[in-house]
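Each remark here refers to the structure printed beneath this line.
The values are calculated or read from the model by the stated rules, or taken from the named source; none is laboratory data. All values derive from a computational prediction rather than experimental measurement. Heads up, the Cβs are rebuilt from the backbone with ideal geometry, glycines too, and the neighbour counts pull from every protein chain shown.
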Amino acid sequence: MVVAEMAVFSPFPKLIAGSHRVSLEPNYQGITNLDCIAVEPELPNVPADIPIAVTTYCLARGNHLLRRIYLPNQTQINLDDIAPFNGHYIPRTITVLQGGQVAGRMHVATIEPATDFSALEQSAPTDAKHYAPRRQDASYIMGSTMPGQLVYRPSTHDKTQSIFDATPMGTMQLQLQINTAGAVTDVQILHSANPTLNPWAIQWGKKLRFRSAYQGDHLVPFTVYYTLDFGGKDD
């Protein structure tokens, strides 16, 4: 919830100082009405050929106003109800989603020029407490782990048809440990409706590849939970 609150009050992520690799992402997540750009940091002492977790910014076509921000940690920031004001464009509604669920929303009902600033000169009440998450120098990006996105997933059709036909349909949840190079080093099966396929699933999981995760200016290992669906939805 702290991440959501900070994203609402300071929606623009603080990028790591230094250079970044930028690439166009056509039809990102099925979005066809926005132009999306992936931004990948270039971390010190990290070879350029190692893919790192990206943050994606989606802009409105024509006016290039920022409308969506997708962070590697499954946080999405929507900037909606854009209104012109004094030569600028203000998003009146800022919505933060985490894991696809709304975690916070701020809506500005009215935007009008301020004429009386006397309230800013008044002293704070003696019992007032500082709300840490709203500090301007706080960074919910620099201090958070940015997990890498999946870049390679082998087909599940390589399992033998005889085993597949002899086992019940259902799902299997895997816990994957990812190293700083984006490779899977360990696979644990947390739930399985197909125990016969457990050995195959472990070997399959080790073939997955991810972008490297980072925290601050260095790479870090991370954990991923992945669900396999043997009812035909996972291919």
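Here are the numbers for the structure shown:
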read-out: Top-ranked residue of segment 92-107 - restricted to ones that are free of Cβ contacts under 8 Å to residues at least 40 places away in the same chain, surrounded by 13 or more Cβ atoms within 10 Å (Cβ to Cβ) and over 23 Å from Q149 (Cα atoms), ranked as farthest from the chain's Cα centre (by Cα); value: R92
read-out: First in segment 208-221 and in the same structural domain as D186 (by TED's automatic domain parsing), second anywhere and at pLDDT below 95 and of a type in the set (D, E, K, R), Cβ under 7 Å, 6 or more apart; value: L208/R153
read-out: Cβ pairs under 6 Å, 6+ apart, first in segment 34-52 and farther than 15 Å from Y214 by Cα, second of a type in the set (A, V, I, L, M) and surrounded by 14 or more Cβ atoms within 10 Å (Cβ to Cβ); value: D35/L59; A38/V54
read-out: Count - residues of segment 11-31 that are modelled with pLDDT under 85 and more than 19 Å from Q101 (Cα to Cα); value: 9
read-out: Of residues in segment 182-195 being more than 14 Å from V224 (Cα to Cα) and surrounded by 15 or more Cβ atoms within 10 Å (Cβ to Cβ), the one modelled with the lowest pLDDT; value: N194
read-out: Single match in L34, L59, L65 (criterion: at pLDDT 90 or above and surrounded by fewer than 15 Cβ atoms within 10 Å (Cβ to Cβ)); value: L65
read-out: Considering residues of segment 108-138 that are modelled with pLDDT under 75 and of a type in the set (G, A, S) only, the residue surrounded by the fewest Cβ atoms within 10 Å (Cβ to Cβ); value: A132
read-out: Selection from segment 45-79 of residues that are within 13 Å of the chain's Cα centre (by Cα), of a type outside the set (A, V, I, L, M) and under 16 Å from N27 (Cα atoms); value: T55, T56, Y57, R68, Y70
read-out: Tally, over segment 196-218, of residues that are at pLDDT below 95 and either out of contact with any strand residue (DSSP E or B) (no Cβ under 9 Å at 6 or more places or on another chain) or in a strand (DSSP E or B) (or both); value: 7
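Quick grid of which residues meet (1) within 30 Å of I111 (Cβ to Cβ); (2) touching a strand residue (DSSP E or B) at 6+ places or on another chain (Cβ under 8 Å); (3) in a strand (DSSP E or B):
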| residue | (1), (2), (3) |
| --- | --- |
| V22 | no, yes, yes |
| E40 | no, yes, yes |
| V46 | no, yes, no |
| D49 | no, no, no |
| G62 | yes, no, no |
| P72 | no, yes, no |
| T93 | yes, yes, yes |
